[in-house]
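Since the structure comes first, as structure tokens, the remarks are kept for the end.
The values are calculated or read from the model by the stated rules, or taken from the named source; none is laboratory data. These numbers were taken from a predicted model, which means no experiment stands behind them. Cβ: placed from backbone, ideal geometry, glycine included. Neighbour counts: every protein chain shown.
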Amino acid sequence: MGNNNITISDVAEALGVSKTTVSRAISGKGRIGEATRKRVLEYIEKYDYKPNVIAKSLAQSKTFNICVVMPGDYALVDLPFFQEAIMGIQEIAGMMEYDILLCIGSANDMSGLTRIIQNRKVDGVVLLRTMVNDPQVTFLQEKKVPFVTAGSSKYKDVKQIDHDHRSACCELTSILLMRGMKNIAILGGSDDIVVNKTRLAGVEDAYTQFGQKLNDELLFMNLESKAFIEKAVDDALGRDADCILCMDDSICAQAMRRLRQKHVKVPDQVKIASFYNSSVLENNVPTITSLSFDARELGMRACKNLLHQIEGEETPNRTLLPYEVVLKESTQ
């Protein structure tokens, strides 16, 4: 009997037991005699029976699906990060015979996530972005759905996997200060996003270690459009910034374009660095000093944590992954 054709009904008929009995033997749940359980397990091992996903779902009260929530307002340059993270999630999920449902959501539109949870289509959720005020986290906690954030969260009892952004940003800023840069302009995105606040905290840590204070006139946050970034670059240059430190690759790429438009030479006239490196900056001339994080590893670790939760196992509340400071031509 080939394992491509055998069904749970075939096993039940061959052994003279009910399909419920076979399901209980497979799942290890429900009342069933040890002798009967042994007969069923020996039979399915002999014929290499593998229950299909639907049968496993019924037997174990699981869907064998997980939901991955991408932010709906991501920029095109953010896509490589999310792609790598999702590939990491898929690698682990596939090994454990889980499938992924991709959901687009945000603090302002949770309809997709709400529908998936209410219809019980998944066993758990991975959030790929965390917010300071995060209704998605509140919703999942209220529904008691296992979930993990690929990023830090200020909410209590949230399982979170993140890179050590604070230490990374502190280290890179310290290097720039040690190299004698005195007027560093900081260009950042929305301060509603946790990672941006964490990166800023790392910058402030570096200044504190050097007994200095960050110049508030050179701090530009909530730069969510090309026009805002260009104005921030212009203002930074007008205030004699000797270095422009960007919180992500998207802002850095736009800042570089603005410097080229104004014929400002990097690194001769002003230096520039990014707190995140991706393919967006790979071919830039000059090459950009940046922080390197492994987004694929982030996805893998987040998925492992979630699957352990689904199985009822204890998992750490917070895991910080390593980083690498990559010094290149733009800060020489």
Fill in the blank from the handout: Within the range 247-272, restricting to residues that are polar (S, T, N, Q) and in a helix (DSSP H, G or I), the one that is farthest from SER167 (Cα to Cα) is GLN261
Practice task
Go through the range 222-233 residue by residue and tally those that are surrounded by fewer than 17 Cβ atoms within 10 Å (Cβ to Cβ) and part of a loop (DSSP other than H, G, I, E, B).
Solution key: 3
Completion exercise
For the range 115-134, the count of residues that are under 15 Å from MET70 (Cα atoms) and touching a Lys or Arg at 6+ places or on another chain (Cβ under 9 Å) equals 2
Fill in the blank from the handout: In the range 270-326, residues that are in the same structural domain as VAL195 (by TED's automatic domain parsing) and free of Cβ contacts under 8 Å to residues at least 12 places away in the same chain total 3
Problem - Tally, over the range 2-44, of residues that are over 19 Å from LYS62 (Cβ atoms), at pLDDT below 70 and touching a helix residue (DSSP H, G or I) at 6+ places or on another chain (Cβ under 7 Å) - result: 0
Exercise for the section: Count, please, the residues in the range 258-286 that happen to be in contact with a Ser or Thr (Cβ under 8 Å, 6 or more places away or on another chain), over 30 Å from ILE100 (Cβ atoms) and at pLDDT 95 or above. Expected result: 5
Exercise for the section: Could you check how many residues of the range 273-332 are surrounded by fewer than 21 Cβ atoms within 10 Å (Cβ to Cβ), assigned to a strand (DSSP E or B) and of a type outside the set (S, T, N, Q)? Expected result: 6
Problem - Unmet requirement for LYS182, which otherwise passes all of (1) modelled with pLDDT under 95; (2) in contact with a Leu (Cβ under 9 Å, 6 or more places away or on another chain) - result: (2)
Problem - Hits in the range 81-127 - residues which are of a type in the set (A, V, I, L, M, F, W, C) and assigned to a strand (DSSP E or B) - result: ILE100, LEU101, LEU102, CYS103, ILE104, VAL125, VAL126, LEU127
Fill in the blank from the handout: Given (1) under 13 Å from the mean Cα position of the chain (by Cα); (2) under 19 Å from PHE293 (Cα atoms); (3) modelled with pLDDT under 90; (4) crowded, with 17+ Cβ neighbours inside 10 Å, LEU79 misses just (4)
